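Notes follow once the structure below has been shown.
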Amino acid sequence: MSFQAYINNIKLKTGKTPEEFKKLAEAKGFLKEGSLVETVKAAEITNWLKEDFELGHGHAMAIFAAFKGKTA
């Protein structure tokens, strides 16, 4: 599955775009001014996405990749 397919499926499931997830992650303290906080581990973010949005691991990692700057 391509990165864009993951993003499309996430939008269908949650109604949220990567930008919307970034805003939520900022509110949780995972991002600061749009960048990942150095001390935050990928597992913290993926666990949050799995628990709060019922995303699978691959989909959660796609959002994490978007946080790191991946766009396509």
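We did not get these values from a lab; they are worked out from the coordinates using the rules stated. Note that this is a predicted model, so its numbers are computed, not measured. No Cβ is skipped: glycine too gets one built from the backbone with ideal geometry, and neighbour counts run over all protein chains shown.
Computing FRET efficiency as 1/(1 + (r/R0)^6) for Ser35 and Leu12, where r is the C-beta to C-beta distance and R0 is 30 Å, gives about 0.65. Under the combined filter of DSSP loop state and at most 12 neighbouring Cβ atoms within 10 Å, the chain retains none of its chymotrypsin sites (Phe, Trp or Tyr not before Pro). Loop-located trypsin sites (Lys or Arg not before Pro) across region 1-57 with a Cβ neighbour count of 12 or fewer within 10 Å are Lys41, with loop assigned by DSSP.
When only the Cβ of Lys, Arg, Asp and Glu is charged (+1, +1, -1, -1), the dipole of the chain relative to its Cα centre reaches about 160 debye. A DSSP coil position with no more than 16 other Cβ atoms inside 10 Å describes the following GluC sites (Glu not before Pro) in region 10-72: Glu33, Glu38, Glu54.
Compute the distribution of all C-alpha to C-alpha distances in the chain, in bins of 5 Å from 0, and list the percent of pairs in each, rounded to whole numbers. Histogramming the chain at 5 Å steps yields 3, 17, 33, 28, 15, 4, 0 percent. For the chain, the number of Lys pairs with C-alpha atoms closer than 13 Å, counting only pairs eight or more positions apart or on separate chains, is 7.
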